[in-house]
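First the structure, in the form of structure tokens, and then the observations on it.
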Amino acid sequence: MDGFLSSLFECDTAGGLVCKQQLKNDLITYVINISHIHINNICQLVIECQSSLLLKHFRKSINDQDEINSYDTSRGFLIFQWSIDHLKKLLSPSRSLLLCVIDNNKNKFAGYQLLLSLTGLFQYMDSTYGQIELDPSVITPEQWNEFISSPHFHYLAQTGISLEYQGLGIASSLITLAKSHSIDGLCTNITYWPYNNIASEECKRKNGFKCIGIWHQTICEHFVPFKAKIFIWRPIKSDLS
């Protein structure tokens, strides 16, 4: 039905719809929170998009015996699929936001970005589950603690762009919008072992993110072991080197 997806988002202007922004052509971004009246339906759209971007779908026809090198990692990919309940739990803190892109002409869901408080991230970044190794040439522990103690930043937890819409600059547009909602900065992490998410790293660097260290994540009930680079973006007004 024409306009169905846009109507799904715009029906809640007094509640969970935080803002609406036109991107280009017929692409529209909606920023919502957990209070949106149709949060279950919207989360279902996100999960379906997420499912299509799982690494397992990018298996190459060669090197099948080499688990790490058997995948096409030249584009952005996701490793785990969430449930709707898990996504809603991530969105439950008051400052968490979900950015969704709709192709209004084709009535298709084009992509999403999830912005969280750092609380959810740092429950896994302690000594129980792994270790953060900051790069002293980029950031000091004092600067890092100052950054993460600010109430006006977000953890950019995940970006997913449907394959049909990749290469159109949507991810960069979402990051620009995320910056406007995170006046003290953004933090994210990007896997580089055992699978190297090259496309995601290039996108973050292009949009002003700086690598400030490594997260060595050991085993816990939620994840298998991996290594990730920690990236931050902070407004120019900051005195952070």
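Restricting Ile42, Ile47, Ile34 to those that are under 18 Å from the mean Cα position of the chain (by Cα) and in a loop (DSSP other than H, G, I, E, B) reduces the list to Ile34.
Screening segment 8-64 for residues that are among the acidic types (Asp, Glu) and touching a strand residue (DSSP E or B) at 6+ places or on another chain (Cβ under 9 Å) and picking the one that is surrounded by the fewest Cβ atoms within 10 Å (Cβ to Cβ) gives Glu48.
Name every residue in segment 135-149 that is of a type outside the set (Phe, Trp, Tyr), in contact (Cβ under 8 Å) with a residue 24 or more places away in the chain and either touching a strand residue (DSSP E or B) at 6+ places or on another chain (Cβ under 7 Å) or under 28 Å from Leu78 (Cβ atoms) (or both), in order of residue number. Listed by number, the residues that qualify are Asp135, Val138, Ile139, Ile148. Only one of the listed residues (Leu177, Leu168, Leu240) is assigned to a loop (DSSP other than H, G, I, E, B) and modelled with pLDDT of 85 or more. That residue is Leu168. When segment 40-70 is filtered for residues that are closer than 21 Å to Ser200 by Cβ, among the β-branched types (Val, Ile, Thr) and at pLDDT 95 or above, the ones remaining, listed by number, are Val46, Ile47.
Scanning segment 180-203 for residues that are farther than 20 Å from Ser96 by Cα and either modelled with pLDDT of 95 or more or not small (Gly, Ala, Ser) (or both) yields Thr191, Tyr192, Trp193, Pro194, Tyr195, Asn196, Asn197, Ile198, Glu201, Glu202, Cys203. Applying the criterion of being small (Gly, Ala, Ser) and closer than 26 Å to Leu97 by Cβ to the residues of segment 131-168, the residue that is surrounded by the most Cβ atoms within 10 Å (Cβ to Cβ) is Gly160. Among the conditions (1) under 22 Å from His86 (Cα atoms); (2) touching a Ser or Thr at 6+ places or on another chain (Cβ under 6 Å), the only one that Asn197 does not satisfy is (1).
The values are calculated or read from the model by the stated rules, or taken from the named source; none is laboratory data. Only a predicted model underlies this, so the values are computations on that prediction, with no experimental measurement involved. Note that we place each Cβ from the backbone using ideal geometry, even for glycine, and neighbour counts take in every protein chain shown.
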